[in-house]
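Shown next, in structure tokens, is the structure this report addresses.
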């Protein structure tokens with residue numbers, strides 16, 4: 001906001017939360033104000049307030065008023081007091097709602113002595129409802145000339161400092177409510193996240209997909225390689241798993257003839273926490289009958305590019321990789337390369353799952369890549385890829401041709417039985433999406449499940465098990481199908497231009513707070 005009637009930095013005062021003593025004193029002062037209001041018969045927490053519109057709507061309707069204009073347009077607006085300046089017989093205050101900010105012009109001559117003193121007694125952080133008329137100041141600042149007001153909610157705890165905010169990142173994520181009050185960047189990130197998800201839905205609805213909801217509690221933890229969270233159902237006296245993927249239930253719907261389905265839902269994986277990982281996160285998965293992985297690649301590119309345009313107005317995003325920052329236009333074609341070719345580029349030697357496992361173990365040792373004795377050639381190739389090639393994938397790259405061993409739900413490549421028709425999308429050295437031509441042969445799927453169960457029994461907690469009900473569904477016949485999963489949090493990171501997944505999850509998982 002730029003105006004002669006706006007608050008300079010010094011006018012907000014020092015941060016009252018700086019130090020335990022200051023916070024205690026400030027809370028005590030505000031609590032006393034509450035007591036005084038109640039003793040006077042006022043309600044500091046009324047039940048409702050009827051607005052004529054949001055502050056953004058007010059700006060849209062009257063933002064072009066000339067400087068020094070007073071109108072007879074009556075409005076009722078509400079917001080949190082963010083800034084306040086008292087110049088004697090006038091008070092200028094900035095209030096904010098979800099959509100925007102506007103200045104309040106409070107004149108003692110208009111509201112009267114008692115109301116003026118009551119407004120002066122308000123604190124930063126208080127919510128107020130205001131009735132008044134639209135005007136602009138001498139320098140053109142859109143304002144509401146207050147005729148009357150009411151306190152909608154008394155803020156007992158002072159806001160974090162307006163300019164320095166919550167400097168400790170753990171506190172920012174733990175107290176997201178406070179972070180959102182003072183942090184413009186945080187509000188922007190979550191607006192972008194909302195627009196991305198809305199864009200995905202519009203795009204998929206336009207392509208004839210039906211949005212569905214599938215169970216969060218699973219009898220079998222399948223559809224991905226991940227360690228599940230385990231819970232217990234008391235009435236049925238049975239163990240259940242929080243879902244690690246949406247896949248297997250959605251493909252049951254393809255068997256049932258729904259042909260094009262998608263779900264945007266929460267996934268739970270009992271894994272580590274990092275700038276890229278949170279134990280619960282949001283996935284979009286879709287399945288399309290009569291399609292294969294090539295169509296899934298095209299849909300992935302289209303969904304993410306359109307989401308960037310819808311969320312920010314531009315297809316250009318800034319991509320952050322290890323020691324790299326680059327602007328990329330998502331409308332330009334994205335690279336496609338096989339995993340084995342990317343490994344060959346990185347280590348200078350051809351690799352293939354058909355090669356003897358001893359040879360690949362020797363390569364892994366040569367390049368400092370550890371491996372487990374029970375791993376086959378395909379799994380070692382994946383480890384080589386993750387340790388030597390993945391960090392180089394900064395611009396959008398579809399990595400294709402994953403070995404069969406690491407892709408238990410994908411079809412074999414029609415031209416190479418050691419590989420699958422699978423892809424992963426990497427941007428900024430981060431995986432954003434995974435898709436494939438779905439395996440629909442129940443006999444082969446059972447054999448893959450048995451291999452998964454054997455690995456699980458041997459100690460690999462992330463491997464899958466034999467899902468008999470899913471196999472029964474496949475026995476009814478699933479048509480050729482393409483499937484796709486996109487990590488919505490990582491897409492939001494990309495388009496919002498942030499470095500940590502915690503910046504795009506409203507309430508990320510953190511260690512318990514010690515009070």
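The values are calculated or read from the model by the stated rules, or taken from the named source; none is laboratory data. What you see is a predicted model; the values in this text were computed from it and never measured. Note that we place each Cβ from the backbone using ideal geometry, even for glycine, and neighbour counts take in every protein chain shown.
Scanning the stretch 348-394 for residues that are over 22 Å from residue 455 (Cα atoms) and touching a strand residue (DSSP E or B) at 6+ places or on another chain (Cβ under 8 Å), which turns out surrounded by the most Cβ atoms within 10 Å (Cβ to Cβ)?
It comes out as 393.
Does residue 249 satisfy being free of Cβ contacts under 8 Å to residues at least 60 places away in the same chain, in a helix (DSSP H, G or I) and surrounded by fewer than 17 Cβ atoms within 10 Å (Cβ to Cβ)?
Values: free of Cβ contacts under 8 Å to residues at least 60 places away in the same chain: yes; in a helix (DSSP H, G or I): yes; surrounded by fewer than 17 Cβ atoms within 10 Å (Cβ to Cβ): no.
When the stated conditions are applied, residue 249 does not pass them.
Please specify each residue of the stretch 409-460 satisfying the condition of being part of a loop (DSSP other than H, G, I, E, B), surrounded by fewer than 21 Cβ atoms within 10 Å (Cβ to Cβ) and touching a helix residue (DSSP H, G or I) at 6+ places or on another chain (Cβ under 8 Å). Steps first, please.
At the first step, the residues of the stretch 409-460 found to be part of a loop (DSSP other than H, G, I, E, B) are 409, 411, 414-415, 421, 428-429, 439-441, 458-460.
Narrowing the set further to residues that are surrounded by fewer than 21 Cβ atoms within 10 Å (Cβ to Cβ) leaves 414-415, 429, 440-441, 458-460.
Listed by number, the residues that qualify are 429, 440, 441.
Can you tell which of 88, 79 is outside any loop (DSSP other than H, G, I, E, B) and either modelled with pLDDT under 95 or within 23 Å of residue 157 (Cα to Cα) (or both)?
On the way: 88 fails: outside any loop (DSSP other than H, G, I, E, B).
When all the criteria are applied, what remains is 79.
Return yes when residue 246 is farther than 20 Å from residue 437 by Cα and either at pLDDT below 95 or in the same structural domain as residue 462 (by TED's automatic domain parsing) (or both) and no when it is not.
no
Being part of a strand (DSSP E or B) and closer than 26 Å to residue 100 by Cβ is true for just one of 67, 60, 74. Which residue is that?
Working: 67 fails: part of a strand (DSSP E or B); 60 fails: part of a strand (DSSP E or B).
The unique qualifying residue is 74.
Filter the stretch 470-503 down to residues that are in contact with a helix residue (DSSP H, G or I) (Cβ under 8 Å, 6 or more places away or on another chain) and exposed (fewer than 15 other Cβ atoms within 10 Å of the Cβ) and give me whichever is nearest to residue 244 (Cα to Cα). Can you show your working first?
Here is the first cut: in the stretch 470-503, the residues in contact with a helix residue (DSSP H, G or I) (Cβ under 8 Å, 6 or more places away or on another chain) are 470-471, 473-479, 481-486, 488-496, 498-503.
Next, from what is left, pick out any that are exposed (fewer than 15 other Cβ atoms within 10 Å of the Cβ): 471, 475-477, 479, 499.
Working: 471: 18, 475: 24, 476: 25, 477: 25, 479: 24, 499: 24 Å.
For the stretch 470-503, the residue satisfying everything is 471.
Would you mind finding the one in 30, 59 that is modelled with pLDDT of 95 or more, surrounded by fewer than 17 Cβ atoms within 10 Å (Cβ to Cβ) and out of contact with any helix residue (DSSP H, G or I) (no Cβ under 9 Å at 6 or more places or on another chain)? Break it down into steps so the answer makes sense when it comes.
Working: 30 fails: surrounded by fewer than 17 Cβ atoms within 10 Å (Cβ to Cβ).
Going through 30, 59 in turn, the sole match is 59.
Among the residues of the stretch 125-134, is any in the same structural domain as residue 59 (by TED's automatic domain parsing), touching a strand residue (DSSP E or B) at 6+ places or on another chain (Cβ under 9 Å), more than 21 Å from residue 52 (Cβ to Cβ) and surrounded by 17 or more Cβ atoms within 10 Å (Cβ to Cβ)? So that I can check it myself, show each step before the final result.
So the first thing to find is which residues in the stretch 125-134 are in the same structural domain as residue 59 (by TED's automatic domain parsing), and the list is 125-134.
Filter once more, keeping what is touching a strand residue (DSSP E or B) at 6+ places or on another chain (Cβ under 9 Å): 125-134.
Keeping just the survivors that are more than 21 Å from residue 52 (Cβ to Cβ) gives 125.
From what is left, the residues that are surrounded by 17 or more Cβ atoms within 10 Å (Cβ to Cβ) are 125.
There is at least one residue in the stretch 125-134 that is in the same structural domain as residue 59 (by TED's automatic domain parsing), touching a strand residue (DSSP E or B) at 6+ places or on another chain (Cβ under 9 Å), more than 21 Å from residue 52 (Cβ to Cβ) and surrounded by 17 or more Cβ atoms within 10 Å (Cβ to Cβ).
Within the stretch 224-240, does at least one residue satisfy the condition of being within 15 Å of residue 268 (Cβ to Cβ), over 24 Å from the mean Cα position of the chain (by Cα), buried (at least 16 other Cβ atoms within 10 Å of the Cβ) and assigned by TED's automatic domain parsing to the domain that holds residue 408?
Scanning the stretch 224-240, I find at least one residue that is within 15 Å of residue 268 (Cβ to Cβ), over 24 Å from the mean Cα position of the chain (by Cα), buried (at least 16 other Cβ atoms within 10 Å of the Cβ) and assigned by TED's automatic domain parsing to the domain that holds residue 408, so the answer is yes.
Inspect the stretch 97-110 for any residue being part of a helix (DSSP H, G or I) and surrounded by 14 or more Cβ atoms within 10 Å (Cβ to Cβ) and give the result as yes or no.
Step one: of the stretch 97-110, the residues part of a helix (DSSP H, G or I) are 108-110.
Then drop every residue that is not surrounded by 14 or more Cβ atoms within 10 Å (Cβ to Cβ), which leaves 108, 110.
Scanning the stretch 97-110 turns up at least one residue that is part of a helix (DSSP H, G or I) and surrounded by 14 or more Cβ atoms within 10 Å (Cβ to Cβ).
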